[in-house]
1. Residue B:52: within 23 Å of residue B:119 (Cβ to Cβ) and free of Cβ contacts under 8 Å to residues at least 60 places away in the same chain, yes or no?
2. Restricting attention to strands (runs of 3 or more DSSP E) lying wholly within the stretch C:4-119, give those where 1 or more residues are out of contact with any Gly (no Cβ under 8 Å at 6 or more places or on another chain) and modelled with pLDDT under 85.
3. I'm checking my understanding of the structure. Among residues of the stretch A:51-68 that are assigned to a helix (DSSP H, G or I) and not small (Gly, Ala, Ser), which one is farthest from residue A:96 (Cα to Cα)?
4. Filter the stretch A:211-221 for residues that are crowded, with 24+ Cβ neighbours inside 10 Å and not polar (S, T, N, Q) and give the result.
5. Give the residue, chosen from C:357, C:330, C:341, that is farther than 23 Å from residue C:120 by Cα, modelled with pLDDT of 85 or more, in contact with a Leu (Cβ under 8 Å, 6 or more places away or on another chain) and surrounded by 24 or more Cβ atoms within 10 Å (Cβ to Cβ).
6. Working only within the stretch A:150-169, note down all residues that are without any contact (Cβ under 8 Å) to a residue 40 or more places away in the chain and open to solvent by less than 60 Å² (accessible area, probe 1.4 Å).
7. If you go through the stretch C:167-191 one residue at a time, how many are touching a residue at least 60 places away in the same chain (Cβ under 8 Å) and open to solvent by 60 Å² or more (accessible area, probe 1.4 Å)?
8. How many residues does the stretch A:225-236 hold that are within 25 Å of residue A:317 (Cβ to Cβ) and open to solvent by 10 Å² or more (accessible area, probe 1.4 Å)?
Amino acid sequence: MAEYLQQYLPQSLAYLTAALVHAVLILVVVALGTLIFIWLERKVSGRIQDRLGPTRVGGKFGWLQTLADGLKLITKEDLRPASADSMLFLIAPYVSLCASYVAYIALPFADGWVAIHLNVAVFFIVAVLGLEVFGVMLAGYASGSKWSLFGAMREAAQVVSYEVPLGICVVVPVLIAGTMDLVAIGQMQAGWFFNWFLFHDPFTFIVFWVYFTCATASVNRAPFDLAEAESELVAGFHTEYSGVRWSIFFMAEYSSMVVVSALAAILFFGGWNGPLPITHWLGLADSANPLAHYVANLLGLINFLGKAIAGVTFMMWVRWTLPRLRIDQVMATCLKYCTPIAAFGFAGAVIWTFLFPGGLVIPNKDWVVQEEYQLDEPQAQSAASTSAASTSPLAHADSGLHAEEHHGTD
Amino acid sequence: MSGHEFVDRLKKQFGDAITTVNLEAIDPWIEVKPEGLLALCRYLRDEPDLRFNMLNCISGVDYFEPDEKKAAKAGFEPHIEVVYHLSSIVHKTTLVLKVMLPRWKDDQPGNLPEVPSVSSIWSTADWHERETFDLMGVHFSDHPDLRRILCPEDWVGHALRKDYEMPLEYHGIRGR
Amino acid sequence: MATQTDDPRIIEFDVRTDEMLVNMGPQHPSTHGVLRLVLRTDGEIVSEATPHIGYLHRCAEKIGENLTPRQWIPYTDRMDYLAGMNMNLGWSLAVEKLMNLELPEKARHLRVLIAEMNRIASHLVGMGAYGLDLGTFSPFLYAFREREKILDLFEEVCGARLTYSYITVGGATADLPPGWLQKCEAFLDQLRPVIDEYHALLTTNAIFVRRTAGIGVLSAEKAIDYGCTGPVLRGSGVDYDLRRDGEQRYTEMYDGYAFEVIVERDGHYPKDHDYPPVPKTAVLGDCWHRFYVRMLEVMQAMDLVRQAIDRYSMCSGDWGTPVKLTEKLPKGDAYMETECPRGQMGFYIVSNGGSIPLRARARSSSFCNLSVTYDLCRGCLIADVPAIVGSLDIVMGEIDR
């Protein structure tokens, strides 16, 4: 984008504008996402619990319930306990939010639709998400409340431990792809669903579940929500927070839920590539026409968001079903189960890729971009994808009405 | 074992400690002197064919009529009874012990009557005695932690005494 | 921990830690009302949990000394407000014992029917709230959904949903409305499969078992010593249920009813219901067993209600005439204990011949059950404290009275 703007603006201004546009777009995603996901959580939990959930605000389904709640929270007094460490108490929610917000920067929403195309995107996201714990720890420490301190201590112990298996799990798709570039990883899984890394080999399948468990734990969702365990610690680290600051913690929580789900979608579920190669059937992805490419990306975006939302919904389902673990059991789950299984999966995936470099389903490796692993520039990528697509036997085939129908259900 | 046999056996064992026995009452009861209470209770709990291992309840009853006109017709001398309801889970039997105490020790108002604590025999007596102390004003000697349990610690008076008057104010809260 | 700093070994090998006093309650989500626990913690480990009670104290006993027994019935509702019918029943029986009242057959079955229905309602709340204590929200609402139906039935019977004042001295305030028995049976029919859902969500849930099995083990001796009763006592393996072992006046209410006391004998629970197996990690007397006894008692109560419906509908005649509001009481005292959902609820009435008793005393089961907290919570983790206190299933209204 910056390159495009440079044609009209001075370089520094062009970059600044591009950055601003990206930042605002991501902020919209984060804020809007939080609004939608809190609404979704209430609706999902309501349905799980034989209730209706919100029904009034904003029409039949209570669409605007979260917005109404947000307005209420804004009008609430911003309380600060007398015993709190004032400055840390005030900045803690923003530290949390920033950490999960920054993770979006490297997250591709569709083929090439990414704020900053990092070639170490996986590493970046995992590292940045780990920073969220600082906000929680600061909040717990600075609140001047013993319950908050308990929450912070638990969070610190838990998140730091779960980073280990989480890291190992994330490395497995990276190992198969040979790159940390999320865009490239996504492109490699183009085509049919069996090209997804989830089905690459049995080990990745196992590793995905470990990843999801660890991701749930690292974003503090039940049954690992020890830091805010309301039946034990009142509200844990955010006991003393109210109003906007409290809601910022919520935004951070929900946006990191989305990030880990989206990361799972890219690493294991093909990102924006559907279970069926519809964009190829329609001839959109392979077309040289930028508009067609744009439409393909839009469809991919919907696909990708659908997967992320499914992941988040799954987390909600788990949350409203299971009791909470105890702190020692949380640590035992991590150290006794998650880490060894992840390590086993990692070793297995190494051996598997060594023995069957093409993956589980070899006949369809046409869809796998193999020839260009080291992609440094977007241009090279699109070139690669078009060249791969032009050799594909399915390209441009069957782009009729039949495929259109599939779109609706995609 | 019939009631009379049982009482005879206790009387043989404890002699003077058992003062009155009422086997005709709805719940037959035995009156015990405070001095003999502890030994009797231990005996009742540990004897293999008695095994009153559960203390159901300790209740204080204030026999007192504040209205002087009615007091003449009340039919009792002012006193406080501490009633122990025991039951045996082994033999499925129950027993009532009563201890009669003066309303004030040595007839000096404010001087709580004393009875030995049975919390060393049944742990549940701990809280029950605290409650009786709190509301009825009976001092249980040798109780490990005789504090008020239901009322705040700085509360004055014992609410279940018949002559208790609700304070007009407690920490700025209107009482009456 | 009180370490001695002059001991060089400690300085060298151990980081010096301090104990922290934490106030759990009286405003805390998992203390079931206004219980206050003062925890002495070393990190996550609780070395001491001291319960402080009295935040809901209304001195109901003093009120009882100024009202006639029938007038005090509404106050008994407010003791264990989750099992108001059982409270009414306990006090009514105590007064009837003092007055030596005999009740017609129909009143007996009516009382069994209503009391056991309330037991189901109460155990449902106990179960749901226990799930809440362990951090799962949905079973709570599933439990309340079913309880709501019982409350609807009760509402038809007496007009109230929580504080019923329905069972009263001499019988009940009214007969059951027409068609009520059919509704009640329909409710029981649809409750049966729901119980399996609860078992799936809680009793056999791996996380639930890990959180409760082997936690807060209460030995039978200690349970008796602390006067624990009801499911807490039976969860420790003591075969004692007042409905079978109580006073004659109470047990004859259940004459002819087929039921088995829910307690583990020789490693087995009574086999008259389908039930999930006891997990290997569960120890007799732990939180899991206490919870489980309650779950099985729901089934037992459902059986009893069915029997009561049959018997009640076969009886003709009167459902019992309530005594006059200012009925004179005979001189004397009477103590009566009944098996309430939370344990043995005792009422002691002393009368001097007037219509107003000289003393009305309530021995509450939760009061005694709670007193064991201090012993149970020693050395557990913070997360176990709600698990243990929740498994005792206390109601503060009953403790503080």
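The values are calculated or read from the model by the stated rules, or taken from the named source; none is laboratory data. All values derive from a computational prediction rather than experimental measurement. Every residue, glycine as well, gets a Cβ built from its backbone with ideal geometry; the counts of neighbours run over all protein chains shown. Only protein heavy atoms, including side chains, enter the accessible area calculation; ligands, DNA and RNA are left aside. Shrake-Rupley method; radii C 1.70, N 1.55, O 1.52, S 1.80 Å.
1. It is true that residue B:52 is within 23 Å of residue B:119 (Cβ to Cβ) and free of Cβ contacts under 8 Å to residues at least 60 places away in the same chain.
2. C:20-24, C:36-42
3. A:65
4. A:211, A:214, A:215, A:217, A:219
5. That would be C:357, the only listed residue that is farther than 23 Å from residue C:120 by Cα, modelled with pLDDT of 85 or more, in contact with a Leu (Cβ under 8 Å, 6 or more places away or on another chain) and surrounded by 24 or more Cβ atoms within 10 Å (Cβ to Cβ).
6. Within the stretch A:150-169, A:156 is the sole residue that qualifies.
7. Selection size over the stretch C:167-191: 2.
8. Number satisfying all stated conditions: 4.
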